[in-house]
Amino acid sequence: MSLLKTVKMQVAVVLTALAITACSSTTAPSATEIKVVEKAVMPTPPAALMVAPVRPSPPKDGKTATLLEHAAEFGGYVSELENQNQAWRDWINSQAEVDGSEGAR
């Protein structure tokens, strides 16, 4: 047997003996009480908040009428995003009131 293999076997025997000794020397159970904590459940948001507004396609050409039409469509898209963002904030605030955690934020 090589010297390295013999040393590894001796180390393994010593570590095993230490582990067995440590396990057998703790006869008393832990004095620390184990507390069970319930996992928080996130409420399901309203379905309307889960639908993202559809972003308008870019204009097909640089004509004034096309650019103005795109600007109006994009403005409507941004307005929908702002409304949805506000609805999310309102929903979160209503959930915080239900949970009683409005002061935690």
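Just so it is clear, none of the values below were taken in a lab; they were calculated from the coordinates. Computed from a predicted model, the values in this text were never measured in an experiment. All Cβ positions, even for glycine, are placed from backbone atoms using ideal geometry, and neighbour counts span all protein chains on display.
Points to keep in mind about this one:
- Within the same chain, aspartates and glutamates fewer than 8 places from K39 are excluded, and of the rest, those with a Cα less than 20 Å from its Cα are E97, D99, E102.
- Taking each residue as 0.36 nm, the span from K63 to T32 lengthens on full extension beyond its C-alpha to C-alpha distance by 3.6 nm.
- Helix 3-24 and the longest principal axis of the C-alpha atoms of the chain enclose an angle of approximately 80°.
- GluC sites (Glu not before Pro) restricted to segment 32-84 and DSSP loop, no more than 12 other C-beta within 10 Å: E33, E38
- Within segment 2-80, trypsin sites (Lys or Arg not before Pro) in DSSP loop having at most 15 other beta-carbon neighbours inside 10 Å: K35, K39, K60, K63
- The chain: angle of helix 64-99 to the longest principal axis, Cα-based, in degrees nearest 10: 50 degrees
- Take the Kirkwood radius over Cα pairs of the chain, plug it into Stokes-Einstein at 4 °C and 1.567 mPa s, and you get 60 µm²/s for translational diffusion.
- Rounded FRET efficiency, nearest 0.05, which uses the C-beta distance separating K39 from A12 and R0 of 41 Å: 0.50
- Kirkwood Rh and Cα Rg combined as Rg over Rh, evaluated for segment 44-105: 1.24
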